[in-house]
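Read-outs throughout are calculated quantities, based only on the coordinates presented, and are distinct from any laboratory measurement. As the structure is a computational prediction, the values presented were derived from the model and not from experiment. We place every Cβ from the backbone using ideal geometry, glycine too, and count neighbours over all the protein chains shown.
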Amino acid sequence: MKHLLRFAVALVVSLATFGLQAQVTTSAVTGTVTDAVTKEALIGASVVVKHLPTGSIQGTSVNAKGNFTIVGLRPGGPYLIEVSFVGYQKAQVKDVQLSLGETETFNFQLKDDVQSLQQLVVTASAGSAFNARRTGAGTNFSRKAIERTPSIERSLFDVAKLSPMASISSNGAVSFAGSNNRYNSFQIDGAVSNDVFGLASSGTNGGQAGATPISLEAIDALQVLIAPFDVRQSGFTGGGINAITKSGTNSFKGSAYAFYKDHNFFGTTPGADIKNRTKLGEQHDYSTGFTLGGPIIKDKLFFFVNAELNDSRYPSRYLIGEPTQQVQEATVKQIANKVKELTGGYDAGGYDATDVPTRSYKALARIDWNVAHGHRLSLRYSFLDASKYVFSNGPQTLRFLNNGYTFVNKTHSFVGELNSTFSSTVSNELRVGYNRIRDHRNVAGRPMPSIQIVDGNSNIYLGPERNSSANALDQDIFNITDNLTLNFGNHTLTLGTHNELFKIRNLFIQNNYGSYVYKSLADFLSIGTSDEKMPDSYDYSFSIESVTGSKRYAPGFGAAQLGFYAQDDWKVNDRLRLTYGLRIDVPIFFDKPSENKDFNAGPIAKKYGVQNNTMPSSTPLLSPRFGFRYHLDEARKYLLRGGVGIFTGRIPFVWLSNSFSNTGFEFSRTRLNSKDFNKGVPGFKFNIDPDKQYIAPAGGPNTEVNMVSKDFKFPQTLRTNLALEAMLPGDIKATVEGMFSKTLNNIFYRNLNQVYSGEFFDHGSMKRPLYKKVDPKATYLLLLDNTDKGYSYNISAQLSKDFNFGLSTSLAYTYGKSFGVIDGTSSVASSNWKYNYTFAGMDAMEEALTTFDVRHRIVGTLNYRVEYGGSFATTIGLIYSGQSGPRFSLAYNRSDMNGDGESGNDLMYIPTKEELKKMKFVDDSNRQAFEDFITSNEQIAAYRGQFAPRNAFVAPFLHKIDLHFAQDFYLNIGGRRHTLQLNADVLNLANLLNRGWGISYSAGWAQTPLSYNAKKQEYKFSPYPGTIWSIQDMDSRWKAQIGIKYIF
């Protein structure tokens, strides 16, 4: 911590003298001022931009090239732009609206004033229908677009996913251009709002507690960036989501709102051929809050506040006895009785229905101060207090009630920003931010080991969830950004720095109560008998108090990521603009894991040249970028834009923290698998007491070491983009865009405790390499390293049109592919290694489709608003989204096919008919059932005679139609318009019309229908009751929400 504080002080001092992966929080205007007849530049002409809601004014003068640029403007509007020059008529542009992070072009041609300099006002128009500075892929959403987007969760991601290159990945997160959602950046008011530790699928603080950090009602504008060739934009190799909050104006404005839904707002059981459809159990979900903004001092000081309460509660589903639950009641009764026998009466909480609550409180306060002409200061504080009970069954999954846990989050966030215009050539933007995040889990029920019982294709879980009995995380994040802008003739230079400082403390002791996996119900029921069967696997971890000083040791570390950049935006001529710059990011680590001297001096460390206490070096990561914009015609109806550049992101810090939590001597970690139990484990028996778990003796597998390569680099991607924008007849805007991304640095895990044995498993036409353990005392010796394997490409086409009677429409189609080596879907090093499905093994990992691959995606929007009768307005928003189903793999069920000690991660070999005849099955009918399974699925049959690659299979296409409806009633109170609004959102509208429409499918990460008994050299096929994929019940039901809002 001392290192971090010293570094922070030094950094602030250095920034003060500087003169002063940041996101942009402002907008800008640019353009030219010329003589209407001679076309000569009117050097020194005055350009004034006035933000009408607040009265703030910024101005500049035209330079020697006839250009002007004004930066640091608030997004939105309306603005008034006025141009004047002695001897010429004034020109104005009224009702200007500016988009977040974008620069709008306005070209003025002033006429000579021949009437004795009398003031005559004319109106100029924008220079182009396209954004003046954008070169790469991105999408902007105004407050109007946000309000018209159907949303029940009231989440920004419901808006962000409308970006053509966005998709919903198999874990429910928003992914961009086929990239891992953990590589996204999320910022609010330019400050880091990511879950930088990398645990929440949403990627935001509070995401694991089922909450978003800020209310949707407080958001003023949203921007999604995928390939911005502006060097100020960084911190992601996926997509950047940038939001800004509302601010006060000279008028008092506010709202009070409430949204509600319950079990009557959901459809019955989805599916085409369901005989007995049922409703959901009694539940509710409501949100209520208010916003208020206005002047403290007119034209000078403004405030905005927001507070919101969210509360939901629903009953657990897929209960015993329901037709959707495949686990039988007789099975769970036997399990419950066995647990009572072992505990003296405790039934693991039972398995009846239980309520699953989620609750959050949000508050935000913002101050905006027009300090002086050209200087504007904003301060924002927000708070989140959220909790979520995490408990879910599935068609083939049943949990006893003590397997649930409550996730608790508290987040404090502060950001301050000062925008200053010192002259017509010099302006500056300074931003500082701080986030304080505290997360922890509370387990349900009394302490006991975690137990998983595999019953055919079903799984039963009981005991505290194995990741939750010792789980807490503290994060403190500081960020400082400064952008200095210099305007010289046709060049706009930007010099800047963006710096993030992190202090992290992580308590995570997996399997702290012990964890057992049994391959069958019979094996579990044998516990305590004379013929007690061994589990298929066993794990137990605890911190060694004599070494760490605590039974719940939580290591911590400090880190920073510094960014420095320079850029030139060159207006070559009126039709061509070039942007080129260089960004340098430098990762710094202030702490190292505790040194494991025995391991570091051992043969494995020497062989591979690794040390357990090594952290990545502070090697500068270069990100050069080049972008261009070229108007193909004088009328500016056709625009060609694009660029190429390197993007550097931050790694989820959980992957680096694994080396602090797994030094090999501070924690004892016992892990036994089926191979160990087959050899015999003397003295091992199941024990229900979490304090009396089996510990492997000296010389046994009782330690795990996680390491980071000294040459490890943060994620980097080379990305190139080319797009054609056209304004077609009828004012239809068309965009065709292509993007290619090549991995430069991504994560790669190697288990140094596994080596190729020189032997193979014979599948017939293919042979699978077999591995063996090197150090019997260690479970895993995992090295986090880099790979440059992987690439993706996306091609998108979009049409949009705004009509003059309140209707706007758009339609976009995107085709894409995404290839990689490791998907990185877990937070634990061992899970990222062992659950990455492979045929040849991790040392020869195959490049394959990623789980984020979405081949086809279609997004269509229709928005209509009409005011009538002087007192009414109706708004309708309709969205269609369709995309390829989620990808999945085929692997062997609880079978270690390559000898690496892990079961369930070996990709399945699909035998030919002749090969199948030679394979030994439990019986001939079982062999025939497997043959029928192969031939009934074309995707699987296509791989006969070879192994099925990772993520080779895809579930059916997904179709969704969502509706937003709002009815406004205008009231005249005190001479001002007040609005009473009734609104409704319906998601998956098609399912409301037909229960067989709008179905979502899932097959998990992998399907495992085939197992192999190594002792008997025998296969067993476990048939599926239906298709290989299952219907996602909640995602497939239509759902609705009603709301009421009073706006003044």
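Give the residue from 24, 86, 69 lying farthest towards the positive end of the charge dipole for the range 21-123; charges sit on Cβ (+1 for Lys and Arg, -1 for Asp and Glu) and the dipole is referred to the Cα centre.
24
How much FRET efficiency would the formula 1/(1 + (r/R0)^6) give for residue 695 and residue 920, where r is the Cβ-Cβ distance and R0 is 25 Å, rounded to 0.05? Show your work: numbers first, answer last.
Numbers: r = 38 Å, r/R0 = 1.53.
That gives a FRET efficiency of 0.05.
Between residue 677 and residue 274, how many nm apart are label points set 7 Å from Cα along the C-beta direction?
Each label point is offset 7 Å from its Cα along the Cβ direction, giving 3.7 nm.
If packing is taken as the average count of other Cβ atoms within 10 Å, what order do 523-531, 944-952 fall into, highest mean first? Write out the running numbers ahead of the final one.
Numbers: 523-531: 14.2, 944-952: 19.9.
Packing order, densest peptide first, comes out as 944-952, 523-531.
I'd like to compare 972-979, 493-500, 305-312: which one has the highest average count of other Cβ atoms within 10 Å, and what's the full order after that? Before the final figure, lay out each step's value.
Working: 972-979: 10.0, 493-500: 21.9, 305-312: 19.2.
Per-residue mean Cβ counts within 10 Å order the peptides as 493-500, 305-312, 972-979.
So if we plug the beta-carbon distance of residue 392 and residue 340 into 1/(1 + (r/R0)^6) with R0 = 25 Å, what FRET efficiency do we get, rounded to 0.05? Write down the numbers at each step before the final one.
On the way: r = 25 Å, r/R0 = 0.98.
So, using R0 = 25 Å, E works out to roughly 0.55.
Which entries of 253/410; 253/1039; 533/773; 410/503 have Cα-Cα distances beyond 21 Å here?
253/410; 253/1039; 533/773
Please identify the trypsin sites (Lys or Arg not before Pro) of the range 32-121 that satisfy two criteria: DSSP loop assignment and at most 12 other Cβ atoms within 10 Å. Which are they? Present the calculation step by step, with values, prior to reporting the outcome.
On the way: sites: 39, 50, 65, 90, 94, 111; in loops: 39, 65, 111.
Passing sites in the range 32-121 are 39.
Which listed residue (780, 832, 813) has the Cα farthest towards the positive end of the charge dipole for the range 750-839, taking +1 on Lys and Arg C-beta and -1 on Asp and Glu C-beta about the Cα centre?
780
Starting from the Cα of residue 260, move 7 Å in the Cα-to-Cβ direction to define the label point; list residues of the range 1023-1048 whose amide nitrogen is under 16 Å from there.
Under 16 Å, as judged by backbone N against the label point of residue 260, lie 1040-1046 of the range 1023-1048.
Please sort by residue number the trypsin sites (Lys or Arg not before Pro) in the range 678-736 whose DSSP state is loop and whose Cβ has at most 16 other Cβ atoms within 10 Å. Before the final figure, lay out the partial values.
Working: sites: 679, 685, 692, 710, 713, 719, 733; in loops: 685, 692, 710, 713.
When the trypsin sites (Lys or Arg not before Pro) of the range 678-736 are filtered for loop state and at most 16 Cβ neighbours within 10 Å, 685, 692, 710 remain.
Of 849, 373, 795, which is farthest on the positive side of the dipole of the chain, counting Cα position, with +1 on Lys and Arg Cβ, -1 on Asp and Glu Cβ, and the Cα centre as origin?
373
Compute the label zone of residue 867 within the range 782-810: residues whose backbone N is under 16 Å from the point 7 Å along Cα-to-Cβ.
Of the residues in the range 782-810, 804-807 have backbone N under 16 Å from the label point off residue 867.
With the Cα gyration tensor of the range 915-996 in hand, give its eigenvalues times 5 under a square root as the equivalent ellipsoid semi-axes, listed largest first in whole angstrom. Before the final figure, lay out the partial values.
Values: eigenvalues 722, 37, 16 Å².
Square roots of five times the eigenvalues give 60, 14, 9 Å.
For the range 594-689, what are the per-bin percents of Cα-Cα distances with bins 10 Å wide, up to the bin holding the maximum?
Pairs per bin, as whole percents: 10, 20, 21, 17, 11, 10, 8, 3, 0.
Provide the per-residue ³J(HN,Hα) series for the range 1038-1048, in order, calculated from phi with Karplus coefficients 6.51, -1.76, 1.60 and θ = phi - 60°, each as a whole number of Hz, with x at glycine and proline positions.
After applying 6.51 cos²θ - 1.76 cosθ + 1.60, I find 5, 8, 9, 8, 10, x, 9, 9, 10, 10, 9 Hz.
Which three semi-axes in whole Å describe the equivalent ellipsoid of the range 21-123, each the square root of 5 times a Cα gyration tensor eigenvalue, listed largest first? Walk me through the numbers before you get to the answer.
Numbers: eigenvalues 135, 45, 19 Å².
Working from the Cα gyration tensor, I get semi-axes of 26, 15, 10 Å.
Placing +1 at every Lys and Arg Cβ and -1 at every Asp and Glu Cβ, with all other atoms neutral, what dipole size does the range 21-123 have around its Cα centre, in debye to the nearest 20? Spell out each step's value before the answer.
Working: 7 positive and 8 negative charges, 27 e Å.
The calculation lands at about 120 debye.
Using θ = phi - 60° and the Karplus form 6.51 cos²θ - 1.76 cosθ + 1.60, what ³J(HN,Hα) does each residue of the range 888-894 get, whole Hz, x for Gly and Pro?
7, 10, 10, 9, 7, 8, 6
Taking R0 as 30 Å, what FRET efficiency do you get between residue 414 and residue 313 from their Cβ-Cβ distance, rounded to the nearest 0.05?
Numbers: r = 32 Å, r/R0 = 1.07.
Here the calculated transfer efficiency is 0.40.
Testing the spin-label approximation: label points 7 Å from Cα along Cα→Cβ at residue 292 and residue 372. State their distance in nm.
3.3 nm
For the chain, what is the Kirkwood hydrodynamic radius in Å, using each pair of distinct C-alpha atoms?
Numbers: mean 1/r = 0.0323 Å⁻¹.
Evaluated on the chain, it is 31.0 Å.
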